[in-house]
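Before any comments, here is the structure.
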Amino acid sequence: MEIYLDCNATTPVLKSAQQAAIDAMAAEFGNPSSVHSTGLRARSMLEEVREAARRVLGAPTGRVLFTSGATEGIHTAVLSALKSLRGSPANLLLYGATEHKAVPEALAHWNEILGLGLRMEAIPVGTDGKHDLRWLAEKAKHAALVCTMAANNETGVITDLHGIARALDGTSALWMVDSVQALGKLPLQLADLPIDYAPVSGHKLFAPKGVGVLYVRDGAPFTPMFTGGGQEGGQRSGTENMSGIAAFGAVLSALERGELVHTAPVLEGFRKDIVAALDEAFPDVVFNAPVDEGLPTTINFSVPGLSFRLLLDLFDSAGVRVSGGSACSASQAAPSHVLEAMGHPQWRAASAVRLSFAPNVDSQSISAACARIRACGAALRANCLAAKAGNAWVAPPELVTRFAVQGACCYLVADPASRRCVVIDPLPELTEQLANWFKCSFYTLVAILDTHTHGDHASSADSLRNAIPALQRDDSERDALGWPTGQEAIGLGRHRLERVPLPGHTKDSTGYKLYRDDSLVFTFVGDTVLPGSLGRSDFEQSAPASFAASIRKLASEAGLDALLLPGHDYDDRFACTLRAECGRQDLVADLLNGSADDEAFAVRKADLERSIAQTKYGTTSCGAFVRASCDAKRVELSRSEIEAIAATSEPIVLVDVREPFEQSLGLVPSLDLPARRQSAPLSTFVNALPQLLDRPQEHVVFYCRSGSRAAQAARALRDHGHQRAWSLEGGLARWSR
Ligand code: PLP
């Protein structure tokens, strides 16, 4: 069973609202502008819903218009306010720093379109998310419009509307209150305060998407957004969304009957239970807004060392739907502007999870949610991701685990038999996560190796070393890149690492060859060769004249088909080979087939580097150039396409690329296919590459939760020449439907 805890993003539609919508589409399908009986019945329904909205919003006077939702309401309010300003001395547009993006975007949009050139300023908030009322009172004297939401969608922080009213007292500023998250959850008496505009949205409270209401105070300026057929008394043309309005009406009626929202003590009790479950599951959890204040249905938290993506995948596998930051930005890994405005550190703003339950949730769902949250904590501990020292049995990791942070890669090389391991190219963002892993895994850290010294930042090797218990690390003498002095090789049970100097990207660039017994398994090449590019060599500490010899050395020592694991991997290709790079990069091909000598190579490479731009991550690109390879090709397979392949009896393997903690919580899809099953979590995917590449005749169908990680794996395998690599279209989410 799915437990839906993302109600600030949207809610399921109430049964009675579904029925009302169906009635409005079937028997009562009339156009409220028609003057015959069918139309008149529709009009009377429309007006009844409007009256209900007036009662619920506490707005017996003023305009109450039906809109398509809050974004339209916000735009109409902003347009109305700004259109009235010509000639006014007020020159400021003020909005809460934690407003939904629709508000500052609407302000900027109409400010520009109307050519007003007013200054926009964000009203600062404290760490509790509350507006700085003194600041506001000072600025409000010059404000044309002030926008402050009633309750915050990410944190549930409730605005002190009376305090704002006092701050605006005596000024001529117009005031908009985005009341979306307050509807049904807070007593709204809009007309009791000098609020000029208040938009709400149906889909945040059990009505369908595409319907909302805008309240406009009597006497507040108003300009219609749409003109046309004159509907809504000419205030909002366009035939009304009657099914949506009927459904919203059913919700408002249920709300008036007191059926939709538990009492405050009940909701606060639910919040307490969830907070306790989170505390138990993630002992380091931090709550990003005061937990005892605010909407009891909203909890916003971060867990040190755990990204919001990881937490989202974890909860989703356990059948608990939550979101990262706000839903509108959930697909981007951008830090939450709300938490940034509250002054929380970057890691909290970037890893925040929002959990929001429905105000009519039943206690069984809350108990089940708490049990699953505890199971999430246990699954992480079993994989050493949220560990207190020594409290869990630890599954042995695979030989190589790859961590990627904005295109930069760090590797953990661990030998389960000897429990010895090495970290290659540590990244500061991973220190906490890796330290946690050591504390519960009991592995010994033999070395932390850098593939080169970095021009733009210091290595985080020392901070990682210091974060690991002394008993678990080998502190023998080492050189600047972390290699133990006087040693030819680093032994890790059956495995060993050897060095190969590769000057070019930097003078000290070094590769590390990883052997199992006497076979080379992987070579860690840092920024010498990246998938689709070569490491740049135009830094002060570079050795451009040595680059060609380093590539030739790599070819002779590792071979053209050796799997090279790069220091940067901007397109998630996971590994490359010199043979594949010859196909993609003329420069490499010409060098290795002898048609370019070292000098020609250096000249051509310098030429390429003249135009290296910043990466899309805003960092300096470490690769000289990147050519898109097979990105354009479709790698997704639909269910019917997979079934068609199965019918031909061609071999298929279904590969689960979810992480072990997700696999342990999640459902295995009941794909009724004659297919082999395999697990290859993305973090350890490189280990599966040699074996998957060995079976080119097999169709490899990767799957994950949403399909995006599976598509990465499929593209990577194709990049290595496997023509039958696919991802399950829409991921498990669509398949299970
Ligand atoms: N304002 C707030 C506070 C919201 O939470 C949302 C939705 O996320 C909106 C505005 C936009 O609402 P709608 O989806 O109805 O346009």
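The values are calculated or read from the model by the stated rules, or taken from the named source; none is laboratory data. As the structure is a computational prediction, the values presented were derived from the model and not from experiment. Virtual Cβ from ideal backbone geometry, glycine too; neighbours counted across all protein chains shown. Accessible surface areas use protein heavy atoms only, side chains included; no ligands, DNA or RNA. Shrake-Rupley method; radii C 1.70, N 1.55, O 1.52, S 1.80 Å.
Here are some notes:
- Those residues of the stretch 523-547 whose amide nitrogen sits under 18 Å from the label point placed on Glu599, 7 Å along Cα→Cβ: 544-547
- If you wrap the tightest convex hull around every Cα atom of the stretch 38-117 and split its volume per residue, you get 142 Å³.
- Area accessible to solvent at Met25, 1.4 Å probe radius, in Å²: 120
- Stretchable slack from Arg695 to Arg374, in nm (0.36 nm times residue separation minus alpha-carbon distance): 111.5 nm
- Nitroxide proxy distance, nm - points 7 Å out along Cα→Cβ at Glu268 and Ile113: 4.4
- Förster radius 45 Å - calculated FRET efficiency between Ala647 and Asp462, Cβ distance, rounded to 0.05: 0.20
- Heavy-atom accessible area order for Glu599, Glu636, Glu429, largest first, 1.4 Å probe: Glu599, Glu429, Glu636
- 13 Å Cα-Cα reach of Lys439 towards aspartates and glutamates, excluding residues that sit fewer than 8 places from it in its own chain: none
- Judged by the ratio a/c of the largest to the smallest principal axis of the C-alpha gyration tensor, the stretch 82-154 counts as oblate, that ratio being 1.5 or greater while a/b is no larger than b/c.
- Relative to the dominant Cα principal axis of the chain, helix 242-256 is inclined by about 80°.
- Those lysines that a straight Cα-Cα span of less than 20 Å connects to Lys605, excepting residues fewer than 8 apart in one chain: Lys507, Lys553
- For the stretch 134-273, the gyration tensor built on C-alpha atoms gives an oblate shape. Its axis ratio a/c (a ≥ b ≥ c) is at least 1.5, and a/b is not larger than b/c.
- The solvent-accessible area of Cys370, taken with every protein chain present and a 1.4 Å probe, is close to 10 Å².
- Accessible area per residue was computed with a 1.4 Å probe on protein heavy atoms; Leu40 scores about 90 Å².
- For the pair Gln364 and Arg86 in one chain, pulling the backbone fully straight at 0.36 nm per residue adds 94.4 nm over the alpha carbon distance.
- Relative contact order %, the chain, counting alpha carbon pairs below 8 Å whose residues are six or more apart: 10
- As computed over the chain, the Cα convex hull volume per residue (Å³): 193
- Taking a ≥ b ≥ c as the square roots of the eigenvalues of the alpha-carbon gyration tensor, the stretch 1-72 is classed oblate because a/c is 1.5 or more while a/b is no larger than b/c.
- DSSP beta bridges confined to the chain are antiparallel in about 60 percent of cases.
- Spin-label zone in the stretch 251-282 - amide nitrogen under 13 Å from a point set 7 Å from the Cα of Arg55 along the C-beta vector: 251-259
- Packing rank of 86-92, 417-423, where each peptide gets the mean count of other beta carbons within 10 Å, highest leading: 417-423, 86-92
- Per residue accessible area in Å² of the stretch 341-494, where ligands, DNA and RNA are left out and the probe is 1.4 Å: 40
- Across all directions, the average flat footprint of the convex hull enclosing the Cα atoms of the stretch 116-214 is 7.2 nm².
- Sequence-separation-based contact order of the stretch 647-737, relative, with Cα cut under 8 Å and 6+ spacing, percent: 31
- Extension gain (nm, one decimal) between Met1 and Ala26, 0.36 nm per residue minus Cα-Cα: 5.8 nm
- Between Arg494 and Val35, the simple label model (points 7 Å from Cα in the Cβ direction) yields a spacing of 9.0 nm.
- Mean Cα-pair separation over length for the stretch 213-291, i.e. relative contact order, pairs under 8 Å, 6 or more apart, %: 11
- Estimated [θ] at 222 nm from DSSP helical runs (n ≥ 4, -39500 (n - 2.57)) normalised by residues in the chain, nearest 500: -10000 deg cm²/dmol
- Nitroxide proxy distance, nm - points 7 Å out along Cα→Cβ at Met120 and Ser556: 6.1
- Lysines whose Cα lies under 22 Å from that of Lys185, excluding same-chain neighbours fewer than 8 positions away: Lys15, Lys101, Lys130, Lys204, Lys209, Lys272
- Of the solvent-accessible surface of the stretch 18-82, computed with a 1.4 Å probe and all protein chains present, 59% belongs to carbon and sulfur.
- As a calculated quantity, the FRET efficiency between Gln487 and Ser611 at R0 = 41 Å, using C-beta atoms, amounts to about 0.45.
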